[in-house]
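To start, the structure under review is shown below, and the notes come after it.
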Amino acid sequence: MSANTGSWRAAHGKLWYDDPWYRIAWIVWPQALGLLLFVTLWLYQPGGPSLLPWAKPIIETPRVPPLPAVKEPAKEPAPPAPAEPPADIMAHCKSGSFPEMIQGCTSLLASGNLKGGSIAEAYWHRAWAYYSTKQYQLSMSDYDRAIAISPGLSEYYNDRAVLWIELGNNDRALQDLDQAILLKPNYFLAFLNRGVALRNLKRPNEALFALNIAIDGDPTRWLAFENRAAIYEERSDWKATFDDANKLIELAPNYQMGYAFRGHAYLESGQQLPAIADFTKAISIDPNYGYGYRMRGRAYYFLNQFDNAMADFQAALRIDPNDSSTIGFMNELKHRQRSR
């Protein structure tokens, strides 16, 4: 043992017995240091917790290896089979003959199976069937009921207006048509019917305005061309009549009026042979078309084919014995024959 070691131990012994704080320090501090070492080693062991923010491990997202090629797509579970579509409860009310429609709608309305707007729809379909069988009072009653239940449907007003026109009340028809257009501003069928009502009221300028809107919006409505051609014919505007007649023939080739309008335009412009061809076509479509015989007879008259003209005038009078225009043409022909 060296002198230095001995003196340190002597000093340590003296302080241990003489100084209580020295004695406490030698007892507490070694334990504290041991505890600190233990905690430090536990905190930093792999997988151990980290209480300090900068001690959080940095986790790198692993790289995903390329997926293998898929030979066929994964099969999704088959969707459930669609349910059977519900039967159209209105089927017997809006199809079949008109008497069948009336019966079907009546049964449906009495069944109690309809609610709200469906009730109005059934009245609407039955009203049209009544109208088509000329049961006008019943038709009007059903239209009134349909509109009372569903006042926001423009089609109901339009169709009731058609009935008003049929009954000769064109002013009342205009009220319904105005309401239909108010509800649906691009309802071109309502504009067409408005043109018809205005023409019946001898208001041709307003009628043309409405018909032009109808044709511009829906150029497939042949009835619009028919009514506009009639106004042009009344004004002796033969070029416009001819143009609309051509369109009418294009849209309704099996309707005699297109050929009648075009035949009249030909006749007034001195083209008798094409006029005869068009009137002959009109007669072939409707053999009881007295106007066709009368006007074809007139064309024969201007060609000095008096026998053919007389035969056509007589045919026209067999259809309508009281037709004053045909009677006047026939008298003119007789006077011409007597003067030869």
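Read-outs throughout are calculated quantities, based only on the coordinates presented, and are distinct from any laboratory measurement. Keep in mind that this is a model prediction, so the values were computed, not measured. Cβ coordinates were reconstructed from backbone atoms using ideal geometry, including for glycine residues, and neighbour counts include every protein chain displayed.
If a/c stays under 1.5 just call it rounded; otherwise compare a/b with b/c (prolate if a/b is bigger, oblate if not). Do that for the stretch 153-219, with a ≥ b ≥ c from the square roots of the Cα gyration tensor eigenvalues. Provide the component values of the computation, followed by the final result.
Numbers: a/c = 1.95, a/b = 1.04, b/c = 1.88.
Verdict is oblate for the stretch 153-219.
Rounded, prolate or oblate: which fits the stretch 91-151, taking a ≥ b ≥ c as square roots of the Cα gyration tensor eigenvalues, rounded meaning a/c under 1.5, else prolate when a/b beats b/c?
Details: a/c = 2.09, a/b = 1.13, b/c = 1.85.
It comes out oblate by the Cα gyration axes.
Pull out a ≥ b ≥ c, the square roots of the eigenvalues of the alpha-carbon gyration tensor of the stretch 108-199, then state rounded if a/c is under 1.5, prolate if not and a/b is larger than b/c, and oblate in the remaining case. Display every interim value, and only then the final one.
Working: a/c = 2.65, a/b = 1.47, b/c = 1.80.
Here the stretch 108-199 falls in the oblate category.
Would you please give the FRET efficiency between GLN103 and ASP307, computed as 1/(1 + (r/R0)^6) with r the Cβ-Cβ distance and R0 = 51 Å, to the nearest 0.05?
On the way: r = 54 Å, r/R0 = 1.07.
My answer for the efficiency is 0.40.
Across the stretch 299-310, in residue order, what do the Karplus-derived ³J(HN,Hα) couplings come to in whole Hz, using 6.51 cos²θ - 1.76 cosθ + 1.60 with θ = phi - 60° and x for Gly and Pro?
Here the 3J(HN,Hα) series is 5, 4, 4, 5, 8, 6, 9, 5, 5, 5, 5, 5 Hz.
Residue by residue through the stretch 251-264, what is 3J(HN,Hα) from phi via Karplus (6.51 cos²θ - 1.76 cosθ + 1.60, θ = phi - 60°)? Round to whole Hz and write x for glycine and proline.
7, 9, x, 9, 10, 5, 5, x, 5, 5, 5, 5, x, 5
Per residue of the stretch 92-99, in order, report the coupling 6.51 cos²θ - 1.76 cosθ + 1.60 (Karplus, θ = phi - 60°) as ³J(HN,Hα) in whole Hz, putting x for Gly and Pro.
7, 8, 10, 9, x, 5, 4, x
Contour minus end-to-end for ASP237 and ASP88, with contour as 0.36 nm per residue of separation and end-to-end as the Cα-Cα distance?
Details: separation 149, 0.36 × 149 = 53.64 nm, distance 4.99 nm.
Value of the extension gain: 48.6 nm.
May I ask for the net charge around TYR301, where only other residues with Cβ less than 15 Å from the Cβ of TYR301 are counted and Lys, Arg are +1 while Asp, Glu are -1? Can you show the working numbers first?
Numbers: positive: ARG294, ARG296, ARG298, LYS334, ARG336, ARG338, ARG340; negative: GLU268, ASP307, ASP312, GLU332.
So the environment of TYR301 carries a net charge of +3.
Can you give the net charge of the other residues whose Cβ lies under 13 Å from the Cβ of GLY104, counting K and R as +1 and D and E as -1?
Details: positive: LYS94, ARG126; negative: ASP88, GLU100, GLU121.
Local charge sum for GLY104: -1.
Which order, highest average first, do 246-254, 310-318, 270-278, 117-125 follow once you tally other Cβ atoms within 10 Å for each residue and take the mean per peptide?
Ranked from most to least packed, the peptides come out as 117-125, 310-318, 270-278, 246-254.
Starting from the alpha-carbon convex hull of the stretch 260-340, give the projected area averaged over all orientations, in nm².
On the way: hull surface 19.1 nm².
For the Cα atoms of the stretch 260-340, the hull's average projected area reads 4.8 nm².
Can you check what the net charge comes to around LEU208, using other residues whose Cβ is under 9 Å from the Cβ of LEU208 (Lys, Arg +1; Asp, Glu -1)? Numbers along the way, then the final one.
Numbers: positive: ARG199, ARG228; negative: GLU206.
Around LEU208, the charge tally is +1.
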